[in-house]
Structure formats: structure tokens, C-alpha cells
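Here's the structure we're looking at; comments come further down.
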Amino acid sequence: MLSAQNPVECPAGFLFVPQSRIVMVWEPNRLEVDRLERVQALEARNIEPFPARVQRTHTAAQAVAAYEAQEALGEAAAPVEVTVCGRIRRVNLKGKVSFMHIEDETARVQLFLRVNELGDATYDLVKDKLIDSDDFVQASGTMMRTQAGEISVRASSLTLLAKSLSPLPVIKRQELEDGSVVEYGEFTDVEARYRQRYADLAVNQNVRAVFQKRAKVMQALRQFFDARGFLEVETPILQPVYGGAAARPFITHHNQLDQDLYLRISFELYLKRLLVGGFDAVYEIGRDFRNEGVSFKHNTEFTMLEFYKAYIDYQDVMELTEQFVSHTAQQVNGTMQTTWRGHAIDFTPPWKRITMRDAIREETGIDYMDYRKRDALETVMRERGITVKPGQPWGKLVEHLLGESVEPKLIQPTIIMDYPRDISPFAKRVAYDDLHVERFEFYIAGMEMGNAFTELNDPRDQEARFLEMATTFRQGDDDETPLDEDYLRAMRYGMPPNGGFGMGIDRLVMLLTDQDSIRDVLLYPHLRAEQK
RNA sequence: GGCUCCGUAGCUCAAUUGGCAGAGCAGUUGACUCUUAAUCAAUAGGUUGAAGGUUCGAGUCCUUCCGGAGUCACCA
């Protein structure tokens, strides 16, 4: 409610409150004007359009199930009395008898409205459309089947619960004999759907299903890690020093403390400090923020899963990864197979494992170990027609080579292991040379899904890596990794050997729900400000 | 950020070579006591994303801006 002083009503329907940020710009269209007039008509009949109290006894699904149970018992069973609530999704006025479909989260159920049973006063509300499509209502009555066979509530009372002032897009549904549903009318404009997700959800059942499935993914993940003794923790989103990934951060400011802070780009360094503190296994599911471009697989903020476990290495993490991903698929979809963008994908372990060197060699014929200086590698890459940004370190070139030539072909789950050291400041060196570390990433459907290491726990080497990063990347580079003095202090107390892992959950949800874009698995994807 | 495409009624879409902005659904009025994409009759609805320009005439051509999508760059 507006409480500011001296609001000004402008001619076009604008409301502007001087010295404030309150500007209401709603200009009702003619459909909305109709509904506003009906609110007044309701109030003229002393009917509250937004009452506070509700008496629901059954969800729509429970009401239908109760009637089916009654039918199964035969004639002897007592009639089923219900009070159901929901949004009106279809109205069919037929003179002195009418039908409505109301919908709650569980189901749709039909209301059978007859003037004899409802009474003139209530029936007139329906007939005059004072109770109309998109409104929330409560109906009480006995469950029945119509002559056409549809289970319905024979309403003896009907109460408005909340008036809808703006009509939703109309989508008509036809249930075919085989049980499938055909929809007529659409709400498909992607910008409108993202900006007004509430309307999208209200009319597009399949969109609701995506987010119900997303919640199941979260449940399955927590179930998996909880059952294996991992402690779920929460670490700071606002951080004085960011780190743990190669990404550009958002910067914000604490006024009272006069302190610049970064929104986290990963949880890594805070989680590993907890292993120093004595927790053997921790995980966190939360939001990361990266100040970078967006695409079908990148959103400005996204949901990350990271876990760290003491006394295991990256080989063990590979196994855990195969297990929790396949477990999640099984829990959510009841199968380890899925289809994404027409690709049949099978999460069943074990997955293909191959070193980065072998993967690149198999695909391109290039053995990058023949080119251990960055200039030499850059030259051979350019000869193959791969565009290379100048000034990249050797490891970046290797990674780029993988991304260009191998990554798009990794449709089935594949683990690529042993990454270049100079782009992996938190992973332990391999035993066999000084150019690689015990790190793997796994790929599905041509997308990078997750990243894991045998975590570096030698504070002397960690310090050297921070310094290496500082010389490899110029300050201000996107990949700059700031030295975290407190993290080194923690590590000096002693950190158990451990394996760690991180992945963007949104991409897994994309795969499991067959959605083409990350925006379709985020309720509120990041968009530019809407301008008026 | 570069390039390409898109923006028309509440929703989904038309509009010939630059020549009167249209349809379905929704809406409004009326009829109908078992409908279900209900049906029947009548009817209303537009600053074509915004601002400029070319032209006798612009939804259509040009410029700039806003927003979205795709793609590249960047990036997990």
C-alpha cells in the first residue's frame, strides 16, 4: 500500500510519488477494465473479492481419489463431501447449468454448477461473470460423475477466494481417448515467459513439471551425500577475497564497515578450510555469481554443488561422480537413460575415462607433449586452423585445443583427466611429470559438467601456485587468481589429503528435463532491465 | 562486445511489388439445466517496440535506440 505523502495521479493512469521511487505505470487494458468493474460490482453486493479465510478439506487429486474409492465400494458407500480450492481454468456457461474446471497444484477437477442447488444469488455471480476464469474459488459439494463420465464436484456452494484482475493467456486443452492431452492456444513468447514466469507457470503445465523435477534433483543430491556421511554446510556469499575458480567476480560494498566485498565465484577455499577444522566430508549447494557473458549454458548466477572428502583422491572422486549422477538420474526419472537435444545419453557407470593427452591425440593427431613451449603449441594449432588468442599460457592452449576438437564429440558421459598444472592452482601434481595435475573434468552432451581434483594440501606448493598464477596472468585478466593469505594460514595447520569436486547443477537439470537452455531450468533467468 | 534474425489486438499468428492493418482464441451482448477445444447469433477491439528519415503513400525501405533469440568472442 502506498504510504508516501502526496501521491500524484497523472492523466494516463500513472501514479507518481514525488521524492520517492514509487511509480506505478499500470494502465489497465480493456480486458482488465472489465474485471476492475466487476470487483466494484462484487463489493456493491457486499462480497469480499479477497477474503482471508479458506476451508479446504481436499486437494483436487484427493477429491477425485476419494470418489474413485467410493465407486470401488459400490452402492453401499457413503457419498463423498468435499471442499476444494483452486484457480478457475475453464468456464462453460450453459444457461441454468454450468461447468468449471478448477486447478490446484495437484490436479484439475470439474465443478458441476446447477442453479437449483447453488441458489440464484450464487449462480448469478457465475452467470454475470463476477466469478470468472482465472479467479481462485472454493467449492463445496458431493462428488459425482457427469453423464459424460467426468468426475466432478456437484457444488452446493461456491465462494470467491481471490479475484484475478489480469486475465492469463488462454490455453484450451482436449483430452483424447488415449488419455493424451492436446493444447490449443499458446503462451510461447520467451521474453514474456521469462519476465512473467508466474504467468508462464500458471498456464504451461510442462513448465511447472520442469521445476518440480528440478526440486527432485536437489533432493536426490542431498539424499546421496547425506547418506554417505557428508555434512551439508553454508559458507559466505560475500567474500573479502574471491577465488577457487577462473572467473571475473561481482564487486559490492558494505556501507557500515566501508568494505569492498566480492560475490563468490566458487565455494572451494571456504570448504577446504573446514577439512582443516576436522570435518571429514562436507558439501554445499548454493549460488555462484560470475560477471561474464550469458549463453544457453551460462547464467550470471547459477547453482553449484561442491563436495570435499578427506582421505580420498581424484580416482575416488571419479567413482563418486559416476555414482551420484547416475543415482540422481535414477531417482528423478526412474532410469539412467535420458534424451537431450535428440541425443540418447546413458549415465550408467562406468564412464569412459581418458587422459587429456590421449583424448586430444586421438582426435587431432597432435601430441601436445611434443610442443612443451607455448609458442610451438600455438604454431601447430594455428596450422590446424584453430584460432588462438595471443598471450595465452601453455595450459590454456591445451585446454582450448580440447574445447575445440574434442569437447563437442563427448556426448556420452566421459571423464577427461590429468590437466595442465599452470591453469590448475589448487590441484596436486601428478607423480609422472611436472606439467600435469591430478584433475579431471567430465563431459556430457558436449557440455562441460564438472571439475575435480586431488586437492593440493602442501602450503608451500600452494603459495608457489598463487605466485605462479600471478606471473602467468596479468593483473586484471579474467583468470587472475588472487592470493588468499588466510587460506594459506589455514593450510599451514595441516590439511588432510582429500578429493574435491564442483559442478553446475543447472546443466544436469537441463539434461534430465531435456531443456535446451539454462534459462528454461531457472525460474528467474537473468535479463536486462525492462524499460518503460 | 561483433554478426544474423525477430518485435503487429490480452494470447497465437496473417498482411502480395511500398497502396484501405486482418484472422482464430480470449473479450462484450443475447440464447441454452450434463458441457468439456461446448455450440449458435450479434458485436467491439490497433500510437504495428520507440524516435527520426525517404516517399503522393511505410507494418513493409533507410538510420539510431530499446528488448529478445541464435551465433562468435569470452567463460565452466
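In this simple spin-label model, placing a label point 7 Å from the Cα along the Cα-to-Cβ direction at both residue A:458 and residue A:232 gives a separation of 3.7 nm. Think of chain A as a dipole: +1 on every Lys or Arg Cβ, -1 on every Asp or Glu Cβ, centred on the Cα centre; then among A:412, A:59, A:262, A:59 lies furthest on the positive end. The peptide list A:499-510, A:457-468, put in order of mean Cβ contacts within 10 Å with the highest first, becomes A:499-510, A:457-468. Each 5 Å bin, from zero up to the one with the longest distance, holds this percent of the alpha carbon pairs of the stretch A:139-198: 4, 12, 12, 15, 17, 20, 13, 7, 1.
The relative contact order of the stretch A:216-267 comes to 34 percent, based on Cα pairs under 8 Å that sit 6 or more residues apart.
Relative to its residue count, the stretch A:379-532 spans a Cα convex hull of 196 Å³ per residue. Under the definition of Cα pairs under 8 Å and six or more residues apart, what whole-number percent is the relative contact order of chain A? Computed over chain A, the figure is 11 percent. For chain A, the equivalent ellipsoid derived from the Cα gyration tensor has semi-axes of 56, 29, 22 Å, listed largest first.
At most 11 other Cβ atoms within 10 Å and a DSSP loop assignment: could you name the GluC sites (Glu not before Pro) in the stretch A:37-126 that fit? Write down the numbers at each step before the final one.
Values: sites: A:37, A:43, A:68, A:71, A:75, A:81, A:103, A:105, A:117; in loops: A:75, A:105.
Answer by residue number: A:75, A:105.
Across every pair of non-identical alpha carbons in the stretch A:52-144, the mean reciprocal distance, once inverted, gives a Kirkwood radius of 13.8 Å. Once each part is reduced to its C-alpha centroid, what is the distance from the stretch A:194-268 to the stretch A:107-137 in angstrom? The two parts, judged by their Cα centres, are 43 Å apart.
Of all lysines in the structure, the ones whose alpha carbon falls short of 20 Å from that of residue A:213, not counting any fewer than 8 places away in one chain, are A:297.
Between the residues A:387, A:423, A:342, the greatest Cα displacement towards the positive end of the dipole of the stretch A:312-460, with unit charges on the Cβ of Lys, Arg, Asp and Glu, is found for A:387. The residue list A:143, A:179, A:169 was ranked by how far each Cα lies along the charge dipole of the stretch A:126-206 toward its positive end, using unit charges on Cβ atoms, and A:143 comes out on top. Shown here is the pair-distance distribution of the stretch A:193-250: with all Cα-Cα distances grouped in 10 Å bins from zero up to the longest one, the shares run 17, 23, 30, 28, 1 percent. A simple charge model with +1 on the Cβ of Lys and Arg, -1 on the Cβ of Asp and Glu and nothing else charged puts the dipole of chain A at about 1040 debye relative to its Cα centre. For the Cα trace of the stretch A:252-333, dividing Rg by the Kirkwood Rh returns an Rg/Rh value of 1.06.
The relative contact order of the stretch A:133-271 comes to 13 percent, based on Cα pairs under 8 Å that sit 6 or more residues apart. Counted residue by residue at 0.36 nm each, then reduced by the alpha carbon distance between them, the extension gain from residue A:523 to residue A:295 reaches 80.5 nm.
Reported to the nearest whole Å, the Cα centre-to-centre distance from the stretch A:383-420 to the stretch A:274-321 is 22.
All of the numbers you see were taken from the coordinates with simple rules; none came from a lab. Note that the structure is predicted; figures quoted are calculated from it, not measured. In this analysis, Cβ positions are derived from the backbone assuming ideal geometry, glycine residues included, and neighbour counts consider all displayed protein chains.
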